[in-house]
Amino acid sequence: MKRLSLSLLALALLMLCIPQAHAQEGTVTYEETVKLEFKLPPEMEHMRIDIPSARITQKMLFFNESASLMKDVPQEDEEESGHVMAHGEGGLHFRTLEDPPENETYVNFDEGQIIQKEDFLGRTFLITGETSTLAWRLTDERSEFLGYMAQKATAMRDSTTIEAWFTPEIPVPAGPGRYGGLPGLILVLTLNDGQTTYVANELTLAPLDEALVPPKKGKKVTREEFNTIVDEKRKEMEADGRGSGNVFIIRGN
């Protein structure tokens, strides 16, 4: 009888462990909102009301205990995706890029490695490096998101202020993009007082269909090298705009 009781106890403990194992793996969909900043000459200020003030896209994060992979969700309406550009006097109009970028971010928690695939002006880059450790400060603030208890944490990276709501009920250090490292999945992330926000709107805990593998296509560069390329191209395009008076770049941070 004692042996039977011990067997039943072991079975009960095993059943309790199964849901927790599933809780370490799944997908989450975020809505990313980026406020757009742009310049217009004084004579065109009246057109500002017709230009989108934010870019909203959907991101899908796949995660397990050891890694995460975030991808862009294809947009049905191409007017809501891509980088917005304004062409000035002599035929002013606004449009989005016909082929929005297909970016990916892979993070390996165990190895402390991050690999990001980013498309920029027709070129594909593979940005590699180590995950940066944020000095998260956990607060006593609590709330509920998608039925999960969440706790607020804050941090700084250079001049960027970061606010995150994470759930210890899903104990994986994952989050949108390169943000993570908390004792739970990040459900809401805000950068620079709302300049960029990620809000989870769907969460599924279930075994993944495929293993998480890093992207492999693109020219390998460091984050510093990629930022230099972007800054140089931005200055070049802005210089062209000032020279001709008809090109203005609209982009988020």
For Arg137: the one exception among (1) loosely packed, with under 12 Cβ neighbours inside 10 Å; (2) modelled with pLDDT of 85 or more; (3) in contact with a Gly (Cβ under 9 Å, 6 or more places away or on another chain): (3)
When residues of the range 168-191 are limited to those that are in contact (Cβ under 8 Å) with a residue 24 or more places away in the chain and not in a loop (DSSP other than H, G, I, E, B), the one farthest from Gly147 (Cα to Cα): Leu191
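Regarding Ala150, is this residue in contact with a Ser or Thr (Cβ under 9 Å, 6 or more places away or on another chain), closer than 23 Å to Thr57 by Cβ and modelled with pLDDT of 95 or more? First the steps, then the outcome.
Numbers: in contact with a Ser or Thr (Cβ under 9 Å, 6 or more places away or on another chain): yes; closer than 23 Å to Thr57 by Cβ: yes; modelled with pLDDT of 95 or more: yes.
In short, yes.
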Residues that are out of contact with any Gly (no Cβ under 9 Å at 6 or more places or on another chain) and either modelled with pLDDT under 95 or part of a helix (DSSP H, G or I) (or both), drawn from the range 192-211: Asn192, Asp193, Gly194, Asp209, Glu210, Ala211
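Please state which one of Thr139, Thr161, Thr154, Thr128 is among the polar types (S, T, N, Q), in contact with a helix residue (DSSP H, G or I) (Cβ under 6 Å, 6 or more places away or on another chain) and in a strand (DSSP E or B). Outline the logic, then answer.
Working: Thr139 fails: in contact with a helix residue (DSSP H, G or I) (Cβ under 6 Å, 6 or more places away or on another chain); Thr154 fails: in contact with a helix residue (DSSP H, G or I) (Cβ under 6 Å, 6 or more places away or on another chain); Thr128 fails: in contact with a helix residue (DSSP H, G or I) (Cβ under 6 Å, 6 or more places away or on another chain).
Step by step, each of Thr139, Thr161, Thr154, Thr128 is checked, and only Thr161 is among the polar types (S, T, N, Q), in contact with a helix residue (DSSP H, G or I) (Cβ under 6 Å, 6 or more places away or on another chain) and in a strand (DSSP E or B).
The values are calculated or read from the model by the stated rules, or taken from the named source; none is laboratory data. As the structure is a prediction and not an experimental result, all values here were calculated from the model. Reconstructed Cβ throughout: ideal geometry from the backbone, glycine too, with neighbour counts over all protein chains shown.
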